[in-house]
Structures are given as C-alpha cells and as structure tokens.
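J.: This is the structure I want to talk about, given as structure tokens.
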Amino acid sequence: MTTRRSVDAVLFDWGGTLTPWHSLDLVAQWYPYAQVYDPVHAAGLAQRLFDAEESIWRRQRESGGAEGTGNLARVFEIAGVDVGSWQHAEAMSAYLEAWDPHTYTDPDVVPLLEALRADGIKVGVLSNTMWPREHHEAVFARDGVLHLIDGAVYTSETAAGKPHAAAFRAAMTAVGVDDPARVVFVGDRPWDDVHGAQLVGMRAILVPHSEIPEHQQVPVDVVPDAVVQRLGEVLDVVRRWNSGD
Ligand SMILES: [Mg+2]
C-alpha cells in the first residue's frame with residue numbers, strides 16, 4: 001500500500017530538547033562574566049545581568065511571545081554594561097566557557113537527524129534564545145550537527161518568540177515548507193512548544209524530562225500528539241504518522 005507522506009518537516013526546540021536539560025543557578029552562570037568585566041562588583045553585576053535577562057523573559061511570557069526574547073545586547077544595555085569595552089570582549093569568552101558544559105547535543109540527535117533526512121524530511125530548529133546565531137552554530141558544529149540542519153530560527157533575530165505563531169511560521173519558512181499540518185514540532189515546554197505548535201496547526205511531540213522552574217511555567221491545558229521518553233523515538237513516531245497510522 002502506498003500512502004502519501006504526511007510529514008514534510010520536523011522542527012526542534014534547542015534547550016531541554018536537542019540539548020538535555022540542566023538545572024542551573026542562572027545568577028551563578030553570570031559570575032564568570034562579571035568577574036572579568038568588574039571583579040570588584042562581580043556579585044552585584046551578576047545579579048543585575050540575571051535580573052535584566054529575567055525581565056525580558058517575563059515580558060516574553062506575559063505577551064504570549066509577541067514580545068520576543070530580544071538578544072544579549074539588550075541584556076547588557078539594561079544592566080548598564082559597556083559592550084564596546086575590552087573588558088566586555090574578554091568577559092564574553094568567560095561567559096561562553098561557563099555555558100559550554102551545558103550545551104552538549106543529545107547523543108540521539110545525529111542518528112535521528114540523519115534518518116529523518118534520509119526519509120526526505122526537512123530538519124529545522126526554533127529556539128527561544130538571546131544568544132546570537134553564531135553561538136548556536138558553533139555549538140552545533142562542535143557536536144557534528146550543523147550540516148544536518150536545513151534551517152534555524154533563533155529569536156535573538158526575530159521580533160516574536162514562541163509560542164507566538166509568527167515564530168513558528170518563520171521556522172517553516174526557514175526550512176522551505178508551507179503547510180503546518182505537515183510539520184511536526186518537538187520540544188520540552190508544554191506552553192512555548194506544544195501549545196504554540198498546535199496553535200498554528202502543527203503536530204507536537206513532547207520530551208518531558210526538563211525540570212522547568214516554577215516561575216517559568218505558564219499554565220496551559222494541552223495534550224501533545226505524542227510523548228517520547230528519548231529523542232531517538234521521534235523517528236518511530238514520524239514514520240508511524242507517515243505510514244498513515
Ligand atoms: Mg526548551
């Protein structure tokens with residue numbers, strides 16, 4: 001029996017999905033930066049940077065993603081950092097180094113993306129992130145994944161963020177597909193990922209292993225189209241849908 005393929009593209013969230021969730025002290029994540037930029041006032045600066053970041057995430061949540069994540073430049077502006085200074089350039093290296101251990105790609109990703117592409121399915125990324133594209137691409141290149149991604153949308157470059165429809169549509173455009181009913185979204189957040197994807201008419205697969213902090217959770221009554229315990233299982237789900245089940 002021949003059935004028309006029903007999935008043209010699979011789009012992935014990044015944090016907690018392509019890269020496994022790590023519970024982190026997000027103020028402490030700013031210390032290495034702050035210690036280089038202003039060693040005398042490092043603790044206060046780390047707190048200010050965290051507060052700036054949080055204020056942006058809060059607006060993203062309260063606006064339903066209509067106000068996106070902005071980018072790190074916005075965080076530095078709010079925190080009063082001089083991004084033209086040599087201290088900032090050196091501090092950025094310390095910041096990225098501190099994040100490095102928490103960005104490793106799930107080992108299921110390379111075989112999964114290779115198999116999806118071998119099935120003729122486009123692979124994309126849609127991440128709510130303040131990081132510039134080059135940081136994400138460096139991480140993907142380090143882990144041998146970059147060449148397996150057909151298109152990626154990082155909300156540091158867009159006006160809207162998940163769960164806003166504009167973010168999901170931009171991700172479809174990035175991989176060159178136009179029918180959301182033929183797109184599957186894979187993510188770890190019920191509101192940003194599952195609810196957002198289903199709102200535009202995509203199917204959504206939940207990876208339910210992230211310990212999302214209480215204050216970041218937006219209550220939502222949502223039922224994912226599938227739940228996988230590990231990322232590799234996405235292939236079975238997509239193949240099942242493509243076989244007409
Ligand atoms: Mg995530």
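The values are calculated or read from the model by the stated rules, or taken from the named source; none is laboratory data. Keep in mind the model is a prediction, meaning the values are calculated, not measured. When we count neighbours, we look across all protein chains shown, and the Cβ atoms used for this are built from the backbone with ideal geometry, even at glycine.
J.: Does the range 12-34 hold any residues that are free of Cβ contacts under 8 Å to residues at least 60 places away in the same chain and surrounded by fewer than 18 Cβ atoms within 10 Å (Cβ to Cβ), and which are they?
T.: Asp25, Leu26, Val27, Ala28
J.: Among (1) closer than 21 Å to Phe168 by Cα; (2) in contact with a helix residue (DSSP H, G or I) (Cβ under 6 Å, 6 or more places away or on another chain), there is one condition Leu112 misses while meeting the rest; what is its number?
T.: (1)
J.: State which residue pairs qualify: first residue without any contact (Cβ under 8 Å) to a residue 24 or more places away in the chain and inside the range 114-137, second residue of a type outside the set (Lys, Arg) and surrounded by fewer than 23 Cβ atoms within 10 Å (Cβ to Cβ) in any location, beta carbons under 7 Å apart, and separation of 6 or more residues or different chains.
T.: That search, which allows pairs on different chains as well, returns Glu137/Leu146.
J.: Now for a separate question. Answer with yes or no whether Val227 is surrounded by fewer than 19 Cβ atoms within 10 Å (Cβ to Cβ), within 16 Å of the ligand (Cβ to nearest atom) and hydrophobic (A, V, I, L, M, F, W, C).
T.: Details: surrounded by fewer than 19 Cβ atoms within 10 Å (Cβ to Cβ): yes; within 16 Å of the ligand (Cβ to nearest atom): yes; hydrophobic (A, V, I, L, M, F, W, C): yes.
For Val227, the condition - surrounded by fewer than 19 Cβ atoms within 10 Å (Cβ to Cβ), within 16 Å of the ligand (Cβ to nearest atom) and hydrophobic (A, V, I, L, M, F, W, C) - is met.
J.: When Gly244 is evaluated against the numbered criteria (1) in contact with a Ser or Thr (Cβ under 9 Å, 6 or more places away or on another chain); (2) not in a loop (DSSP other than H, G, I, E, B), which criterion, by number, is the only one it fails?
T.: The failed condition is (2).
J.: Quick one: which of Gly64, Gly80, Gly68 is surrounded by fewer than 16 Cβ atoms within 10 Å (Cβ to Cβ) and not acidic (Asp, Glu)? Full working, then the answer.
T.: Working: Gly64 fails: surrounded by fewer than 16 Cβ atoms within 10 Å (Cβ to Cβ); Gly68 fails: surrounded by fewer than 16 Cβ atoms within 10 Å (Cβ to Cβ).
It is Gly80.
J.: Can I ask one more? Of (1) within 16 Å of the ligand (Cβ to nearest atom); (2) within 30 Å of Arg182 (Cβ to Cβ), Gly64 satisfies all except one. Which?
T.: The one condition Gly64 does not meet is (1).
J.: Quick check on this structure: which one of Asp150, Asp178 is of a type outside the set (Phe, Trp, Tyr) and either free of Cβ contacts under 8 Å to residues at least 24 places away in the same chain or more than 22 Å from Leu112 (Cα to Cα) (or both)? Before you say what the answer is, go through the steps one by one.
T.: Working: Asp150 fails: either free of Cβ contacts under 8 Å to residues at least 24 places away in the same chain or more than 22 Å from Leu112 (Cα to Cα) (or both).
Exactly one residue qualifies, and that residue is Asp178.
J.: Taking the criterion of being aromatic (Phe, Trp, Tyr) and in a loop (DSSP other than H, G, I, E, B), would at least one residue in the range 9-29 satisfy it? I'd like the intermediate steps shown before the answer.
T.: To start, the set of residues in the range 9-29 that are aromatic (Phe, Trp, Tyr) comprises 12, 14, 21.
Of the ones still in play, those that are also in a loop (DSSP other than H, G, I, E, B) are 14, 21.
Yes: the range 9-29 contains one or more residues that are aromatic (Phe, Trp, Tyr) and in a loop (DSSP other than H, G, I, E, B).
J.: Being closer than 24 Å to Ala141 by Cα, within 16 Å of the ligand (Cβ to nearest atom) and touching a helix residue (DSSP H, G or I) at 6+ places or on another chain (Cβ under 6 Å) is the filter here, so list the residues in the range 1-28 that pass it.
T.: Hits for the range 1-28 are Val10, Leu11, Asp13, Leu18, His22.
J.: Kindly indicate whether Ala171 is under 24 Å from Gln60 (Cβ atoms), assigned by TED's automatic domain parsing to the domain that holds Ala204, modelled with pLDDT of 95 or more and within 16 Å of the ligand (Cβ to nearest atom). Reasoning before the result, please.
T.: Values: under 24 Å from Gln60 (Cβ atoms): yes; assigned by TED's automatic domain parsing to the domain that holds Ala204: yes; modelled with pLDDT of 95 or more: yes; within 16 Å of the ligand (Cβ to nearest atom): yes.
Here the answer is yes, as Ala171 does meet what is asked.
J.: Condition first: farther than 20 Å from Val7 by Cβ, of a type outside the set (Ser, Thr, Tyr) and under 15 Å from the mean Cα position of the chain (by Cα). Now tell me which residues in the range 148-161 satisfy that.
T.: Glu157, Ala160, Gly161
J.: For the subset of the range 174-194 comprising residues that are within 13 Å of the ligand (Cβ to nearest atom) and not acidic (Asp, Glu), which member is farthest from Arg239 (Cα to Cα)?
T.: Trp191
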